[in-house]
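The values are calculated or read from the model by the stated rules, or taken from the named source; none is laboratory data. Just so it is clear, the model here is predicted, and its values are computed rather than measured. Positions of Cβ are backbone-derived with ideal geometry, glycine not excepted, and every protein chain shown enters the neighbour counts. Only protein heavy atoms, including side chains, enter the accessible area calculation; ligands, DNA and RNA are left aside. Shrake-Rupley method; radii C 1.70, N 1.55, O 1.52, S 1.80 Å.
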Amino acid sequence: MSAEHDRLEEARHGVAWRQWGPYLSERQWGTVREDYSTDGSAWEYFTHDQARLRAYRWGEDGLAGISDDKQRLCFALALWNGADAILKERLFGLTNREGNHGEDVKECYYYLDSTPTHSYMRWLYKYPQRAFPYEELVHVNCERGRDQPEYELIDTGVFDADRYFDVEVEYAKASPQDLLIRIAVHNRGPSAAALHVLPTLWWRNTWSWGPPEKRGSLAGLDSGDGTATVAAAHPDLGARWLYADGRPALLFTENESNAAALWQQPNASPFVKDAFHRYLVHGDGGAVNPAARGTKAAAHYAIEVGAGETTVLRLRLTDSAPDAGAKFGAPFDALVEARRADADAFYAAVAPAAASDDEKRILRQALAGMLWSKQHYYFDLDRWLDEHQAHPMTPNSNQNIRNRNWFHMLNDDVISMPDKWEYPWFAAWDLAFHCVALASVDIDFAKQQLDLMLRDIYLHPSGQIPAYEWNFGDVNPPVHAWATLTVYSMEKSLRGTGDLKFLKGAFQRLLVNFTWWVNRKDPTGRNVFEGGFLGLDNIGVFDRSAPLPTGGSLEQADGTAWMALFSQNMLEIALELAEADASYGDLALKFA
């Protein structure tokens, strides 16, 4: 057993090791949650160009971002190479219409490492020293057809002669509430190059919509110990401090939309979301708040890195007040290295003994990608539909808005995502497969994720499991019972006994989902199941969730096979439960 195994055991008993993690999205713009258009054109309604100007409604995004598990306080990296047209605060990519193969992130970044409690995380980003080719990437990909390859960032020549920075970010937890942050900037080019690095702390904007909500604050402090300090306070989260080693300049603004630039309307504050962009790129000194307070702050490091050299920056986000002792120095680096060693020991215990060193590295980085792809997902459908004048309980409401029948849903959880840029929203059947992989390193998180989709505020009253935000009413293959049984069996093998309470709760709600399938997708009662989101994923010449253009119905062999698997899994679960409670025997007969 390793120190990370000990932390997982402590987390089972209430220690908040998972409260802080990589829960920030990599793209909040262009999502359904942020779409307030009349025609559902999410990609066009909130664009990448608007993202630096416009406060998000339902979430936040950033580079190497972390947050608490309710995404109140957020931390991420911002960079400027002196040549880009914009401050890089988030990953760039093409919209569904711009990419010749659909939406596509156009950056080079890598999840290198993570432990399940996020006691250690490592992330790498390759940032060109030349101007980032935004327009070229859009233009060339728009001109290419679907039969041609995608035009990638490396194809533009922006990395030629190795003129780029490797920006490596490490997070290490000294305690559940004490996060050490080490940023190593490696200049891979043949000559010295300048870079502006802005580690940024901000509060998610929860106060600009509807009734007044609790609002956090940020303020600059002179801690007197060679660090720059940002004090953060929130009625629920309490007090936090961000310490930046080396006394960088502190910049402050508000996480508010620049309404003047967006809509030619008065700004709520003279200091708005894009202030750091304007301050650096346009030299607008009046963009930042001279009073050193706001809801968004950054430590501004202006560095020059020699050819082939490395500059290391250190910060600390913690609940320890300024008078609680030294924040940096040799113990800081020693603790980061200790957490990396903990990660080494953890994965040495996880990897199969017969695996080669290369296979072990592949396994470790693959799991790091899974663990980095957690995201806090907030979506209150009741409120969102009201804001769209589309709530079905409201007379004469708009009937052309998606997800009108899901107004019971209230999502406010950390969820495993298919991809935090291309798919920064949960997909229920993807999640089932994620849980089987995640169970190999964090079985409690895997169980919690499976339970999530079956809760009353997710599961439709009809019994349908929500698909994904583009249309929660689409149909996914019924793999939830298979994942539940698999994770239960993995825990039984690991701990010697299965979690019958977890299995029983899941089974009862899966019964409701099974009944939905029988009533909704087998209307003739012949156990031959109809169309929907099955088989070849969403590839099709027509919408299989809508009436067929020729009339009639589509009976699918794959849909019937999925339901046979569902029945088999439910039979196996019922038999497992019947060993402890004979009343489940009759249900086993039902599925047989």
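General remarks:
- Protection proxy ranking of 566-578, 233-245, by the mean of other Cβ atoms within 10 Å over each peptide's residues and highest first, is 566-578, 233-245.
- Local electrostatic count at residue 513 - Lys and Arg +1, Asp and Glu -1, tallied over other residues with Cβ under 12 Å: +3
- Helix 330-350 axis versus longest C-alpha principal axis of the chain: approximately 20°, rounded to the nearest ten.
- Gain upon complete extension [residue 471, residue 85; 0.36 nm per residue less C-alpha separation]: 135.4 nm
- Leading residue at positive end of dipole, the chain (Cβ point charges), from 369, 483, 332: 332
- Under the Karplus curve 6.51 cos²θ - 1.76 cosθ + 1.60, θ = phi - 60°, whole-Hz ³J(HN,Hα) for segment 198-215, x wherever Gly or Pro sits: 10, x, 10, 10, 7, 9, 4, 6, 10, 10, 8, 10, x, x, x, 10, 4, 10
- Computed label-point distance, nm, for sites residue 110 and residue 309 using a 7 Å Cα→Cβ extension: 2.4 nm
- Once the 1.4 Å probe is applied to the protein heavy atoms, segment 139-229 comes out at 42 Å² accessible per residue.
- Shape class of segment 160-316 from the alpha-carbon gyration tensor: oblate, with a/c at 1.5 or above and b/c at least as large as a/b.
- For the residues 374, 501, 492, a 1.4 Å probe over the protein chains yields an accessible-area ranking, largest first, of 501, 492, 374.
- Potential lengthening between residue 263 and residue 150 on full extension [0.36 nm per residue; Cα-Cα distance subtracted]: 37.3 nm
- Neighbourhood net charge (15 Å Cβ-Cβ; Lys/Arg +1, Asp/Glu -1) for residue 306: -2
- Averaging Cα coordinates gives a centre for segment 198-265 and one for segment 47-71; these two points are 14 Å apart.
- Couplings for segment 567-578, taken from phi via the Karplus curve 6.51 cos²θ - 1.76 cosθ + 1.60 with θ = phi - 60°, read 4, 4, 5, 5, 4, 5, 5, 4, 5, 5, 6, 5 Hz in order; Gly and Pro are left as x.
- Under the Karplus curve 6.51 cos²θ - 1.76 cosθ + 1.60, θ = phi - 60°, whole-Hz ³J(HN,Hα) for segment 115-131, x wherever Gly or Pro sits: 8, x, 8, 6, 5, 9, 9, 9, 9, 10, 10, 9, 10, x, 8, 8, 4
- The stretch between residue 568 and residue 44 holds 184.2 nm of extra length on full extension. This uses 0.36 nm per residue minus the Cα-Cα distance.
- Sites residue 448 and residue 191 - FRET efficiency at Förster radius 56 Å, r taken between beta-carbons, to 0.05: 0.65
- Where labels lie 7 Å past Cα in the beta-carbon direction, separation of residue 333 and residue 292 in nm: 2.8 nm
- Acute angle (nearest 10 degrees) that the helix 443-452 long axis makes with the longest principal axis of the chain, alpha-carbon atoms: 70 degrees
- With each label modelled as a point 7 angstrom along the Cα→C-beta vector, the residue 281-residue 561 pair spans 5.0 nm.
- Unit charges on C-beta of K, R, D, E only; dipole of the chain, Debye: 920 debye
- Charge tally around residue 105: other residues with Cβ under 9 Å, Lys/Arg +1 each, Asp/Glu -1 each, net -4.
- Solvent exposure, largest accessible area first (probe 1.4 Å, DNA, RNA and ligands not counted), of 280, 494: 494, 280
- Where 69, 162, 113 fall by accessible area, highest first, once all protein chains stay in place (1.4 Å): 162, 69, 113
- When the solvent-accessible area of the chain is split by element, carbon and sulfur atoms take up 51 percent of it, the probe being 1.4 Å.
- Each peptide among 361-368, 301-308 gets the average number of other Cβ atoms lying within 10 Å of its residues, and from highest to lowest they stand as 361-368, 301-308.
- In the chain, helical runs assigned H by DSSP with n ≥ 4 each contribute -39500 (n - 2.57); averaged across all residues and rounded to the nearest 500, the mean residue ellipticity at 222 nm is -9000 deg cm²/dmol.
- Cβ-Cβ FRET estimate between residue 225 and residue 504, R0 fixed at 51 Å, reported to 0.05: 0.40
- Anisotropy class of segment 410-452 from Cα gyration tensor, a/c 1.5 cut: oblate
- Taking every protein chain into account, the accessible area of segment 341-500 amounts to 38 square angstrom per residue (probe 1.4 Å).
- A Cβ-based charge dipole, computed about the Cα centre of segment 291-447 with Lys and Arg at +1 and Asp and Glu at -1, lands at about 240 debye.
- Förster radius 41 Å - calculated FRET efficiency between residue 512 and residue 3 (Cβ-Cβ, nearest 0.05): 0.50
- Straight-line cross-link partners of residue 296 among the lysines, defined as a Cα under 26 Å from its Cα and at least 8 positions apart when in the same chain: 70, 88, 126, 173, 214, 273, 327, 374, 420.
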